[in-house]
Amino acid sequence: MLGDTRYEEAWARQAGEVAADLDRLAAYTQSSEEARRHAEVASEFERYRAIVDEEQERLRRGDRAGAARLVDTDARARVEQLRESLDGLMAATHTRVVAMQAEAARLEAFTWTRVLGALGAAVALALLGTAIIARRMTRSLDRLSTAAADVAAGKFREPSRSPVATRSARSRDPSTRWALSYVGWTRHARSSLRESRTSSGRLSPRSAAPPSSSVSVLTGPLTHKQDRLMDIISTSSGRLLLLVDEILEISRLHAGTVQLDRRPLDLAKVVDHAVEELYPRATDAGVSLEFERLGTSFSYYGDTQRLHQMVVNLGANAIRFTGAGGRVVVRVIDAGPEFELQVEDTGVGIPADALPHIFDAYRQAHHARGGTGLGLTIVRAVVDAHGGRVTAESQEGKGSRFTVLLPRP
């Protein structure tokens, strides 16, 4: 596998995609800490690519042992450093987002304080205006009452032209106009007894309306740009770590350097736990995922982690190639001298010419569905390491069934 040209082509293609993702991610870093963490991620990834280049160069020189050492030492160290750098970038971004949310909350509180203050001032001004208007109305009615009393007492004297009376004469409120009309009538009555001079004035009223304002506040935890940033980080880091993990795993399995951690286990429980892990993925894809257990005794002696990985790879592969509304069944069977694990789907199926090569590394029947092309290769390597065998049956357009046979210990 280490000398396979298809490995080099797949690595070059997917490494280019990760590098492009990192370049796009640079445009979304805003804080100095994010920029520093992003630079660390980019630098570590370039170092990892350099290690892969050196590994390929040693293979071309025929130094397979040296290439294998690079995989298990320098490559592993770079992967761990990449994980730490990506975690640091995520933490820096999260810190910035939390700070922005806190600032938004502070701004919202400040805005509400200003709004409530303005509202209180508006209410105070409204009460003051009401008091002024009420006072003017009272004065107008007082003058009306005084004028009526004068007429009733036969006092036909000229009314006073005090500043207050002049301002009242200029007023436009209905009660004042009514009072002035009455006063005008009394003046007309007086004019028949004596000559009098009157003066009047007019002043246009002024109206005031409370100023209107619109306040815009943040209503969500993240902006669209922040959501996009988090999506890019999640997608890129997930793609990178999956690619690196699968390459390291298949390299160790093919090199024969992996020692299985065999322990007594319940095979049905291992399969059940793997299916539980797949449920969210099936739900998102709109696929029905079922688990069936046929038999009573599933005591086995194997590597729990690798068997779990085998089931997850088969199940994820079935879900990926099954459309919404389809069905995936994971079945474990106590078949006497051996255990039988079946993963059956109603998906798109595998073309007949691709079926014989479906377990080869980087061979994919449907490239548009995604994946690295290493999942089924890892499945076969895990099965082989446990002394079992795996087969695939498929009918294009109707679905596929993968069967793993594991001998009893």
| request: Could you check how many residues of segment 56-74 are in a helix (DSSP H, G or I), open to solvent by less than 60 Å² (accessible area, probe 1.4 Å) and of a type outside the set (A, V, I, L, M, F, W, C)? | output: 4
| request: Using the structure shown, decide if Glu34 is without any contact (Cβ under 8 Å) to a residue 60 or more places away in the chain, in contact with a helix residue (DSSP H, G or I) (Cβ under 6 Å, 6 or more places away or on another chain), open to solvent by less than 80 Å² (accessible area, probe 1.4 Å) and in a helix (DSSP H, G or I). | output: no
| note | Those residues of segment 321-335 which are among the β-branched types (Val, Ile, Thr) and part of a strand (DSSP E or B) amount to Val328, Val329, Val330, Val332, Ile333
| Taking segment 14-31 on its own, how many of its residues are open to solvent by 70 Å² or more (accessible area, probe 1.4 Å) and in a helix (DSSP H, G or I)? | 3
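Of these, Val270, Val329, which one is at pLDDT 95 or above, within 26 Å of Thr346 (Cα to Cα), touching a Leu at 6+ places or on another chain (Cβ under 7 Å) and open to solvent by less than 50 Å² (accessible area, probe 1.4 Å)?
None of the other options fit; the residue is Val270.
For segment 291-311, what are the residues that are over 11 Å from Val382 (Cβ atoms) and in a helix (DSSP H, G or I)?
To start, the set of residues in segment 291-311 that are over 11 Å from Val382 (Cβ atoms) comprises 291-301, 304.
If the condition is that a residue be over 11 Å from Val382 (Cβ atoms) and in a helix (DSSP H, G or I), then Thr304 is the only one that fits.
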| task | Return yes when Asp53 is part of a helix (DSSP H, G or I) and open to solvent by 60 Å² or more (accessible area, probe 1.4 Å) and no when it is not. | result | yes
| request: Working only within segment 289-308, note down all residues that are open to solvent by 50 Å² or more (accessible area, probe 1.4 Å), over 14 Å from Leu406 (Cβ atoms) and in contact with a helix residue (DSSP H, G or I) (Cβ under 8 Å, 6 or more places away or on another chain). | output: Phe291, Arg293
| Residue count, segment 75-132 (criterion: more than 22 Å from the chain's Cα centre (by Cα), open to solvent by 50 Å² or more (accessible area, probe 1.4 Å) and polar (S, T, N, Q)) | 3
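The values are calculated or read from the model by the stated rules, or taken from the named source; none is laboratory data. What you see is a predicted model, and the numbers here were worked out from it, not measured in a lab. Quick reminder, even Gly has a Cβ in these numbers, built from the backbone with ideal geometry, and neighbours come from all protein chains shown. Calculation scope for accessible area: heavy atoms of the full protein, side chains included, ligands and nucleic acids excluded. Shrake-Rupley method; radii C 1.70, N 1.55, O 1.52, S 1.80 Å.
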